[in-house]
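The structure appears below as structure tokens.
The values are calculated or read from the model by the stated rules, or taken from the named source; none is laboratory data. Just so it is clear, the model here is predicted, and its values are computed rather than measured. Using ideal geometry, Cβ is built from the backbone for each residue, glycine included, and neighbour counts are taken over all protein chains shown.
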Amino acid sequence: MAILCNGPNFHPMNLDIEQLETQHPLLVATPIRYVEMARIALLRAKHASPTKAAVRCDDLSSAVTLTWDTSAMKTLPQAVDQIRVTEDAAEAIALAFVHTHAAWRIDRRCRRGEYADWLLRSPNGKRYAALEISGIADESASLMQTRLEEKSRQVGRSLAAPEKLAIVVGFAGVSIFVRTL
Amino acid sequence: MKQIGDSTMPPELPPAEALNALVSIAIMRAEMLEDAHEPAQVGAWREVLQLETRLAEITSAASPPGGVARAGAVDAALKSRQFERASRLRQEYFEDAQLPKARREEISSMIKNYALARERQFPALAAKGALDAVLSQVSNWRAQMSEGRGIFPVAA
């Protein structure tokens, strides 16, 4: 998935979280409300839309603007699994990133033994990539890097697709670290 | 939680994509039940098995989705405690020359590890060579129970 971090395709852009289910129609059917989880995680970290997110994609640095509907959630729900929120919200942002950046879509969910969360498909349907995602609620640059290394090793073992991608999303400052393999 | 078949299911998906959506939901549910150590996980993995085998039928063994579906089917057969079905699927999938070597090794390894775990769990039966026969009977009994023929009559 080298296209993701290369040349003219890698430029500042807008990630509209509300478009997630249009970008990835399969998510409409899943039992997890990814958009809602992203709103919760961003509100929990006291961010307001729009928010700048730092992006490190392999060796390149850039930024994206995250937008979402703040009127849909003004107070934090009490009964939520905080770890689940972080992981599901990271999936929402990572999936919005791969679609907005390279127009890749979800093909299907992978079982845990595949060492990847999702199998992605390119816009022309001819290429596939395995995507592994993780989230950190209160990140530091070193923690992001360490987690990215872990996730890269994990997805590196995946047989799901020849192209592989690890994405780690931090919510305190909002940062997106991407590694393509 | 959204439910399968509710009005939010995208109605316009073509068959392969609809199957991909259904297997994605089924895997998420089975893994949630597995995390919660719920006995219902066995039935949930059985549903994953049905969907993965259908996906395996419509995908090439050499393609990424084909490999994922075939390994997923064998894994789901083992997780729904259908060792014989898993072994039959391995045999069927291995007959396809297009199945990559790495996938063959993975599938063989899954079955071998499951068999070893089973032997450790039931050492006396394994020593007598009766493991397959007894567990097959238990598996059949479980399948009959899950088809609705419960121990107690169901009120009309």
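Among B:Ser87, B:Ser63, which is within 14 Å of chain A (Cβ to nearest Cβ) and either out of contact with any strand residue (DSSP E or B) (no Cβ under 8 Å at 6 or more places or on another chain) or among the small types (Gly, Ala, Ser) (or both)? Exactly one of B:Ser87, B:Ser63 is within 14 Å of chain A (Cβ to nearest Cβ) and either out of contact with any strand residue (DSSP E or B) (no Cβ under 8 Å at 6 or more places or on another chain) or among the small types (Gly, Ala, Ser) (or both), namely B:Ser63.
For the stretch B:82-130, the candidate set comprises residues that are outside any helix (DSSP H, G or I), surrounded by fewer than 18 Cβ atoms within 10 Å (Cβ to Cβ) and not aliphatic (A, V, I, L, M); within that set, the residue that is modelled with the lowest pLDDT is B:Gly129. In the stretch A:67-86 there is no residue matching the filter, namely being surrounded by 19 or more Cβ atoms within 10 Å (Cβ to Cβ), among the aliphatic types (A, V, I, L, M) and touching a strand residue (DSSP E or B) at 6+ places or on another chain (Cβ under 8 Å). Among the residues of the stretch A:63-88, those that are in contact (Cβ under 8 Å) with a residue 40 or more places away in the chain and not in a helix (DSSP H, G or I) comprise A:Ala63, A:Val64, A:Thr65, A:Leu66, A:Thr67, A:Trp68, A:Asp69, A:Val80. Just checking, does the stretch A:26-41 include any residue being within 13 Å of chain B (Cβ to nearest Cβ), part of a loop (DSSP other than H, G, I, E, B) and among the basic types (Lys, Arg)? Yes: the stretch A:26-41 contains one or more residues that are within 13 Å of chain B (Cβ to nearest Cβ), part of a loop (DSSP other than H, G, I, E, B) and among the basic types (Lys, Arg). Can you find a residue that is under 22 Å from A:Ser49 (Cβ atoms) and hydroxyl-bearing (Ser, Thr, Tyr) anywhere in the stretch A:84-101? Taking every residue of the stretch A:84-101 in turn, at least one turns out to be under 22 Å from A:Ser49 (Cβ atoms) and hydroxyl-bearing (Ser, Thr, Tyr). Condition first: under 18 Å from A:Phe171 (Cβ atoms) and not in a helix (DSSP H, G or I). Can you find one or more residues in the stretch A:9-18 that meet it? Yes, because at least one residue in the stretch A:9-18 is under 18 Å from A:Phe171 (Cβ atoms) and not in a helix (DSSP H, G or I).
Among strands (runs of 3 or more DSSP E) entirely within the stretch A:91-181, having at least 2 residues that are more than 10 Å from every other protein chain (Cβ to nearest Cβ) singles out A:128-136, A:163-170, A:175-180. Only residues that are facing chain A (nearest Cβ under 10 Å), under 8 Å from the mean Cα position of the chain (by Cα) and surrounded by fewer than 24 Cβ atoms within 10 Å (Cβ to Cβ) were counted across the stretch B:46-60, and they come to 0. Quick one: is B:Ala133 more than 17 Å from the chain's Cα centre (by Cα), more than 20 Å from B:Gln50 (Cα to Cα) and aliphatic (A, V, I, L, M)? Yes: the conditions hold for B:Ala133. Scan the stretch B:30-81 residue by residue and report those that are in contact with a helix residue (DSSP H, G or I) (Cβ under 7 Å, 6 or more places away or on another chain), under 17 Å from B:Glu17 (Cβ atoms) and part of a loop (DSSP other than H, G, I, E, B). Hits for the stretch B:30-81 are B:Thr59, B:Ser60.
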